[in-house]
Amino acid sequence: MTFTKAIQIIVFQKRLVDYQYAMDKMQMYELNLMLDSLNYSERDIMEMMRFNSYITAQVNSKKKMKPKDIIAFPWDDEVDEQDKHISDDDISRLKNKAKQFINNGGFSNKDNIK
């Protein structure tokens, strides 16, 4: 993809940044980050369209369906295994924090909660 085409996409089609910023101030790493994340920018709209299509199809079908049966998106198969796994160290650390919290009487007005 050429630089001109990339600017055209992020400035005019997606309206992610102002033209003046894109031409005068934006660094190349910013452009690369924006281009890499373009598929995430309309994910909510696409999910909503898929769900509406799923509801319409499910009402008119006797077969049990899933939203993925209507339209499959690339992010449907993305699974972060690290987020799913809780180690024994994490469990013991959180148990100790909970015990400490209970033994100290919970939050007090003196605690700075952010």
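Taken together, the values in this text are just the output of simple stated rules run on the coordinates, not laboratory data. Model, not experiment: these values are computed from the prediction.
Assorted remarks:
- Summary value for the chain: 12 percent relative contact order, contacts being C-alpha pairs under 8 angstrom separated by 6+ residues.
- Taking 0.36 nm per residue of sequence separation and removing the Cα-Cα distance, the Phe3/Ala72 pair yields an extension gain of 21.8 nm.
- When every Cα-Cα distance of the chain is counted in 5 angstrom steps from zero, the calculated P(r) takes the values 2, 8, 11, 9, 8, 9, 10, 12, 12, 11, 6, 2, 0 percent.
- Taking every lysine pair in the chain that is 8 or more places apart or spans two chains, those with Cα atoms closer than 22 Å amount to 11.
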